[in-house]
1. In the stretch 3-96, what is the volume of the convex hull around the alpha carbon atoms, normalised per residue and reported in Å³?
2. So, with +1 on the Cβ of K and R and -1 on the Cβ of D and E, and no other charges, what is the size of the charge dipole of the stretch 101-144 about its Cα centre, to the nearest 20 debye?
3. By the gyration tensor of its Cα atoms, with a ≥ b ≥ c the square roots of the eigenvalues, what is the shape of the stretch 102-238: rounded for a/c under 1.5, prolate for a/b over b/c, or oblate?
4. Which is the longest run of the chain containing none of the trypsin sites (Lys or Arg not before Pro) found in DSSP loop states (not H, G, I, E, B) with at most 14 other C-beta atoms within 10 Å?
5. From the helices alone, meaning DSSP H stretches of at least four residues, give me the mean residue ellipticity at 222 nm for the chain, per-run term -39500 (n - 2.57), in deg cm²/dmol to the nearest 500.
6. Please work out the ratio of the alpha-carbon Rg of the stretch 31-157 to 2.2 N^0.38 Å and round it to two decimals.
7. Please state the charge dipole magnitude for the chain, taken about the Cα centre, from unit charges on C-beta atoms (+1 on K and R, -1 on D and E), reported in debye and rounded to the nearest 20.
8. Kirkwood hydrodynamic radius, the chain, all distinct C-alpha pairs: what's the number in Å?
Amino acid sequence: MKCRKCGGRAVLELRRHNTAFCAGDFLDFFRHQTLETIRRWKMLSRDEPVLVAVSGGKDSLALWDVLLEAGYTTAGLYIDLGIFDYSRESKARCQAFAAGRDARLIVVSVAEEVGAGIPQVKDVTRRPTCSACGLSKRYIMNRAALDHGFGVVATGHNLDDEAATLLGSTLRWDESSLARQTPVLEATHPKLVRRVKPLFRTSERETAAYAFLRGIDYIVEECPFARGATSITHKEVLNRLEDASPGSKASFLTTSLERARPRFQAAEPVDLRECVRCGQTTTGEVCAFCKLSDQVRRAGEAPSKTHAARCSQTLQT
Ligand code: Q46
Ligand code: ZN
């Protein structure tokens, strides 16, 4: 198999694009695809600092690498979920990545914010683990961006992640999820920052190849709570469709964004206000994160010093 660009030996075939690349030309292709997505979807401007949410996995570190190489002003945000060895090892990968590139890494711990790490939160709430974890990550991402003066957060969600989420929401006809899923979630309130997903057109296989060829040391193990998740089944089903018909995943996602999402969005107007406790956005009186922290506190875990301090500040002002 030959590289489509230079005729040298190809290391990766991309059936979806009906092409193959050698290592150097694949890296160029990957960077170009990411930067072109950023440009076409107006995700980032050159003079705007961007906070990159990094998990220690291949996708987020590959994204941070591309943005650094392209000259964007960035900082990494690592959210320590307190999930045993998985969190220790993924944090070490992020710290080594940042140190090797002289880049700034902000670390925020869920245990300090909520009063307990995700495994303990799972034990004291009735929420599924990934739901409590996802809620905490979204809250902390937004809060950290505001605290550190960033107007935009970039995440490493790839095509496989996004297509699997879309399939899950479609199977349940979850209208509010279908309305919310987009590569650019605009800041619709002064207390919200923009969230962008520059890798949403890039497959997991491509980000793994990029990270490998760039020598990025990422954590290969999945989070222990990912085992048995329905999103994995959805990914497997989509992989079978992709095998039979290359391009299916991308077409499922992009046609949904173009044709279906605007309709769901119009049907689901969201009225945001500030949480009376912490000042972050919510649709009710008290935000879901404050309620989660309350549940942890009631269950006898150590109260969150950081969050409690913020809440009392908000109440006094
Ligand atoms: S949501 Fe669930 Fe992930 Fe959180 S608990 Fe682990 S698997 S890390 S993307
Ligand atoms: Zn709140």
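Laboratory data are not the source of any read-out in this text; all were calculated from the coordinates shown. Computed from a predicted structure; not experimentally measured. Ideal geometry is used to build each Cβ from the backbone, glycine not excepted, and the neighbour counts take in all protein chains shown.
1. 135
2. My answer is approximately 200 debye.
3. Cα axes put the stretch 102-238 in the rounded bin.
4. 127-226
5. Mean residue ellipticity at 222 nm (helix-derived): -15500 deg cm²/dmol.
6. 1.09
7. With only Lys, Arg, Asp and Glu charged at Cβ, the dipole is about 360 debye.
8. On the way: mean 1/r = 0.0482 Å⁻¹.
Averaging 1/r across every pair of different Cα atoms and inverting gives 20.7 Å.
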